[in-house]
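This report refers to the structure that appears directly beneath it.
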Amino acid sequence: MQAAAEKNMPRNFDFAAVEPRLYDWWQAQGWFKPECAAADAEPYVISMPPPNVTGSLHIGHALFTALEDLMIRYERMRGKAALWLPGTDHAGIATQLQVEKMLRDEGTSREAVGYEEFLHRTWQWKEEQGGTITRQLRRLGASCDWDRERFTLDDGLSNAVIEAFITLWEQGLVYRGPRLVNWSPGLQTAVSDLEVESTEEEVTLYYFRYPVAGGGYLPVATTRPETILGDAAVAVHPDDERYRHLIGARATVPILGREIPVIGDDYVDMEFGAGALKVTPGHDFNDYELGRKHGLERLNILNKDASMNSNAGPYEGLDRYDCRQRLWTDMGAAGLTIKTEPYVTRIPRSQRGGEVVEPMMSTQWYVRIQPLADKAIAAVREGQVKIVPDRFEKVYFHWLENIQDWCISRQLWWGHRIPAWYREKDGDPQGEIYVGREAPAGDGWAMEQDVLDTWFSSGLWPFSTLGWPEDRDDLARYYPTQMMETGHDILFFWVARMIMMGLWFTDKPPFHTVYLHGLVRAEGGAKFSKTLGNAIDPLTVVDELGADPLRFTLITSGTPGNDCHLDETRLDHSFRFVNKIWQMTAFINMNVDGALALGLPPSGELDLPSRWILSRLNRLIGNVQYLFDIHQYGEAGNQILAFMWDEFAPFYLEISKGALYEGDEAQQTATRRALVHLQDCCLRLLHPFMPFLTEEAWRYIPHEGEALIIADWPTADVDAIDDDVEGRMAAYLELVREIRNTRAEFKVDPGRRIRAIARAGAATEGLAENEQILKRLCNVEALELLPLEAEDPPNAANVVVGDMSIYLPLEGMIDIAAERQRLTDDLAKIGAQLARTEKMLGNKKFVERARADVVQRERVRLADLQAARAQIEERIAGLSG
RNA sequence: GGGCGUUUAGCUCAAUUGGCAGAGCAUCCGGUUUACACCCGGAAGGUUAUAAGUUCGAGUCUUAUAGCGCCCACCA
């Protein structure tokens with residue numbers, strides 16, 4: 001098999017020109033599509049976590065793109081029908097907020113333009129902005145099947161959402177009703193528990209008196225005095241000797257004068273605050289439960305914008321915080337206040353706007369989630385779905401085992417409108433409810449205004465994108481998917497819900513493996529944010545360094561599940577690695593011609609360095625395979641880099657110049673074939689990390705096949721792994737290091753060629769055959785052999801590795817005293833190592849119980865160290881004489 | 001209040017079933033060697049947070065303590 005390589009390789013990798021050219025070529029050839037694999041190929045599918053349709057690429061997107069594209073390219077090279085299905089999310093709240101801001105800037109508002117116009121403007125905004133993020137993903141090299149791109153609000157997915165909703169309704173798992181919800185006053189919508197984030201804040205704890213009928217009062221403390229207006233009871237602990245006699249008495253709500261009962265419940269903590277508890281079932285989740293238990297009224301005192309409503313009496317119309325002040329002042333005037341004190345507590349805020357969320361009574365749609373959760377728990381428990389790293393399984397179980405019904409309705413305009421209709425009955429405008437695809441027959445039906453939580457449609461993503469519930473072809477071939485790669489921050493929001501809904505609607509887990517990555521953080525662990533100004537913009541990096549260094553850095557900076565701290569110097573290093581690979585390719589390119597036969601020559605025709613580097617290569621391939629199998633992609637990347645930069649380039653490639661420039665034709669050919677094979681394997685291994693560079697470089701070495709993107713993934717040739725060869729070579733390289741050290745110590749001009757003399761004998765025989773190693777790596781002229789009985793060369797430094805002893809005649813540079821000192825220092829080092837090894841081998845238990853190869857290794861080490869010590873001692877004695 | 005993660009060189013991080021603690025950046029010394037100065041050679045830098053334990057052997061496993069971080073939870 002012969003293959004030509006492109007000639008005239010450019011001096012540097014011009015990523016800016018190459019990236020778009022290769023991307024368009026790959027895509028035009030259909031290589032991003034699973035159909036490019038064999039017809040019977042096993043599918044490998046990743047549903048891309050859909051970014052917000054109007055979003056713009058940030059470093060988190062870059063991380064998931066790098067990881068998922070790596071997985072996809074790897075599986076594609078392994079011959080799988082690899083499908084990476086891209087798409088975007090309509091992102092209800094986020095997008096609506098963007099459009100509302102736009103309207104505000106125009107001096108108008110959502111309410112002013114009205115429902116139809118607002119939706120029109122939002123779609124327009126989506127059309128304008130919608131392509132941005134997917135264009136940016138392409139710049140990173142994302143090899144998605146763009147023909148299958150989906151959007152959560154497109155017709156097919158909307159159909160899936162309606163189907164899912166109606167099915168749940170028919171199964172009795174969707175219900176509508178008044179409940180206490182987390183209400184976002186600014187957005188004027190309900191939000192789910194998950195969308196509320198509590199942060200510790202310094203607030204005021206207000207102590208006051210609750211007058212009790214018949215005289216006296218109960219002291220109560222609260223952080224939200226305005227909720228006094230909605231109190232339905234005052235509770236004390238039944239064992240509280242101070243107050244238990246008041247249970248059953250009537251208390252009077254301050255200012256309003258409303259009468260409420262004093263109740264007893266052991267929920268009350270006697271030690272806390274004032275000892276008695278005000279109960280506001282309409283505005284507090286605990287009190288809601290308490291109220292249910294005691295049959296208390298759920299009074300709502302707030303309007304939708306969190307101003308006070310008519311139940312607040314004289315305070316009607318005030319904002320809740322103004323009311324808090326005014327009420328407290330009025331209570332003070334009435335002699336009902338006791339004191340205030342600073343207090344730290346957790347304040348619930350909306351994950352979106354950051355505003356304080358108010359628990360409020362509201363009629364919403366819910367999913368009865370327990371049956372779905374049970375299946376989702378079982379699927380992970382039974383191993384049908386595996387979470388990497390597995391510690392997140394515990395978090396997953398804990399959440400699902402304590403899950404609350406899911407509030408799925410949102411009072412937004414942008415989203416999937418709930419397929420429900422109402423008709424007036426008995427004076428209630430929503431007295432009759434119908435759920436279905438179309439409005440029912442008859443007059444007077446009005447469609448539900450609310451839309452569904454964005455995560456409802458996202459939960460269907462892995463199968464809705466493949467055509468569910470229609471068009472079963474793709475669904476049959478590519479579902480369930482294999483990999484769900486996403487951030488651990490949306491384990492509950494998204495992953496758990498996909499598993500629940502996937503199992504419920506398709507009876508299959510939507511994916512087999514969940515790989516969770518962490519957050520990308522700045523140096524020192526700070527969160528990346530635009531306001532802090534520490535954000536690394538991935539597109540700027542791509543402009544300046546190319547996509548490959550960014551991808552490589554992101555992948556090699558982290559481990560699964562852990563946040564990674566992105567260090568900008570690593571970007572730089574990756575960029576230089578790209579150049580390194582390019583230069584290695586250039587060297588090979590200029591040393592081979594198109595007539596070279598591909599593949600390796602028989603092992604017998606290969607010299608020791610070639611057999612060594614091929615052994616190392618195959619060990620690397622095996623390691624990389626292992627690391628990919630356990631999803632340790634970062635470590636795999638680092639090992640490939642280390643192999644190329646620390647072994648292949650500085651040693652083998654340098655040594656190969658001997659054979660290439662001075663060898664006979666057979667040696668030249670064997671070396672060329674080895675070089676090409678090595679570089680070919682490295683480029684294949686690196687392709688999933690750095691697709692552009694590797695594809696382009698591959699063109700310049702002889703290769704077989706149309707493109708690297710569809711080339712085969714390397715497999716380790718275990719027969720090529722040779723411990724003996726590696727051991728011998730390691731000793732020679734140790735010798736190289738010693739000679740280089742010695743040269744540096746004696747300040748020998750690096751350009752100066754020096755002589756190297758070894759005493760003849762078995763120890764040096766192999767070395768003499770491989771004198772190219774010393775010639776190329778430490779600039780010696782040749783290895784001269786000294787007869788056994790000859791005297792030591794005068795004025796020579798001596799380096800010793802194992803049983804090999806080399807003299808470096810450095811006339812005029814050697815100071816006998818200095819040389820003796822150097823050798824004595826060496827001897828001390830060897831002595832220390834020897835002591836350690838002797839101690840280990842002297843330990844009977846070690847010899848008996850340690851693994852055989854470990855013991856053997858120590859024995860070899862012992863022999864080498866003893867030999868070296870003998871050589872050096874002899875040499876020191878010689879110097880003295 | 002529970003749960004999880006983390007603590008390794010000055011900084012950012014690795015270390016595959018327990019087997020001589022490694023990189024990058026920064027520092028110091030020396031180099032225009034015909035693939036690469038986007039480079040090459042050399043050096044220095046660690047009681048692996050602390051304390052016990054298991055083991056022939058612990059960065060790795062167990063327990064406790066401390067710092068940092070995250071998640072979950074109804075003390076007003």
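The values are calculated or read from the model by the stated rules, or taken from the named source; none is laboratory data. Small disclaimer: the values here were computed from a predicted structure and weren't measured. Cβ placement follows ideal geometry from the backbone for every residue including glycine, while neighbour counts extend to all protein chains displayed. Surface accessibility is based on the protein's heavy atoms, side chains included, excluding ligands, DNA and RNA. Shrake-Rupley method; radii C 1.70, N 1.55, O 1.52, S 1.80 Å.
Tabulated values for the structure
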quantity	calculated
Length-normalised contact order of chain A in % [C-alpha pairs under 8 Å, at least 6 apart]	13
For the range A:404-416, 3J(HN,Hα) per residue [Karplus equation, 6.51 cos²θ - 1.76 cosθ + 1.60, θ = phi - 60°, Hz, x = Gly/Pro]	9, 3, 9, 7, 9, 8, 10, 8, 10, 9, 9, x, 7
Environment charge of A:Thr764, counting only residues whose C-beta is closer than 13 Å and scoring Lys/Arg +1, Asp/Glu -1	-3
Where a label projected 7 Å from the Cα of A:Ala818 along Cα→Cβ would reach, residues of the range A:747-785 with amide N under 15 Å	A:747-750
Helical mean residue ellipticity (222 nm; -39500 (n - 2.57) per DSSP H run of 4+; nearest 500) of chain A	-14000 deg cm²/dmol
Whichever aspartates and glutamates have a C-alpha closer than 20 Å to that of A:Lys844, once near sequence neighbours (fewer than 8 apart) are set aside	A:Asp853, A:Glu858
Two-site FRET efficiency, A:Ala597 against A:Glu789, from Cβ-Cβ distance with R₀ of 41 Å, rounded to 0.05	0.25
As computed over the range A:389-445, the Cα convex hull volume per residue (Å³)	158
With eigenvalues of the C-alpha gyration tensor scaled by 5 and rooted, the range A:583-677, Å	26, 14, 12
Spin-label model distance (nm) - A:Phe285 vs A:Met590, 7 Å beyond Cα toward Cβ	6.8
Where chain A is the region considered: accessible area per residue in Å², 1.4 Å probe	43
Low-density loop cleavage sites - GluC sites (Glu not before Pro) in the range A:355-417, where at most 15 other Cβ are within 10 Å (DSSP)	A:Glu355, A:Glu382
Trypsin sites (Lys or Arg not before Pro) restricted to the range A:832-872 and DSSP loop, no more than 11 other C-beta within 10 Å	A:Arg851
Shape box of the range A:399-509 [Cα atoms, principal axes, largest first, Å]	52, 35, 25
Amide proton proximity set for A:Ala235, modelled H, under 5 Å, gap of 5+	A:Ile263, A:Leu277, A:Lys278, A:Val279
Estimated translational D of the range A:177-258 in µm²/s (Stokes, Kirkwood radius over Cα pairs; 4 °C; 1.567 mPa s)	83
Amide H within-cut-off set for A:Ser805, under 5 Å, with H built and near neighbours excluded	A:Arg759
Rg to Rh quotient for the range A:308-412, alpha carbon positions, Kirkwood Rh	1.18
Taking the C-alpha atoms of the range A:576-634, convex hull volume expressed per residue in Å³	130
Extent along principal axes [Cα atoms of chain A; Å; largest to smallest]	120, 64, 54
Cα→Cβ-extended label distance, 7 Å offset, between A:Lys7 and A:Trp146, nm	3.6
Phi to ³J(HN,Hα) by Karplus 6.51 cos²θ - 1.76 cosθ + 1.60 over the range A:842-847, Hz, x for Gly, Pro	x, 7, 4, 5, 4, 4
Sites A:Asp239 and A:Asp563, calculated FRET efficiency, Cβ-Cβ separation with R0 56 Å, nearest 0.05	0.75
Calculated diffusion of the range A:527-656, Stokes-Einstein form, Kirkwood radius summed over Cα pairs, 25 °C and 0.890 mPa s, µm²/s	143
Long-range Cα-Cα pairs in the range A:353-457 (distance over 25 Å), rounded percent	43
Principal axis box of the range A:192-342, alpha-carbon based, largest edge first, Å	41, 39, 31
Table column - 3J(HN,Hα) (Hz), the range A:303-311, Karplus curve with 6.51, -1.76, 1.60, x for Gly and Pro	7, 5, 9, 6, 8, 6, 9, 5, 5
Average projection area in nm² (convex hull over Cα atoms of the range A:92-171, one quarter of hull surface)	7.6
Angle between chain A longest axis and helix A:285-294 axis [Cα atoms, degrees, rounded to 10]	40
Folded to 0 to 90 degrees: helix A:852-880 orientation relative to chain A principal axis, Cα	50
Whole-Å distance, taken between Cα centres, linking the range A:114-142 and the range A:360-384	32
Spin-label proximity, A:Tyr661 to the range A:746-776 - amide N less than 11 Å from point 7 Å beyond Cα toward beta carbon	A:776
The range A:44-150 - convex hull of the alpha-carbon atoms, volume per residue in Å³	96
Share of carbon and sulfur in the accessible heavy-atom surface of chain A [1.4 Å probe, %]	48
With eigenvalues of the C-alpha gyration tensor scaled by 5 and rooted, the range A:621-675, Å	31, 12, 5
Gyration tensor (alpha-carbon) shape descriptor, the range A:108-244, a/c threshold 1.5	prolate
Surface/4 estimate of mean projected area, convex hull on alpha-carbon atoms of the range A:723-773, nm²	4.0
Between helix A:15-28 and chain A: long-axis angle, C-alpha atoms, 0 to 90°, nearest 10	70
5 Å-binned pair-distance histogram of the range A:686-732 (Cα, whole percent)	5, 17, 19, 14, 10, 14, 16, 5, 0
Spin-label model distance (nm) - A:Glu128 vs A:Glu848, 7 Å beyond Cα toward Cβ	8.2
A:His120 - accessible surface, heavy atoms, 1.4 Å probe, Å² rounded to 10	100
Length added when fully stretched, A:Asp265-A:His398, from 0.36 nm per residue minus Cα-Cα	45.0 nm
Pairwise centroid distance, computed over Cα atoms, of the range A:393-436 with the range A:591-617, Å	67
Candidates per GluC sites (Glu not before Pro) in the range A:731-814, loop by DSSP, up to 14 other Cβ within 10 Å	A:Glu789, A:Glu791, A:Glu811
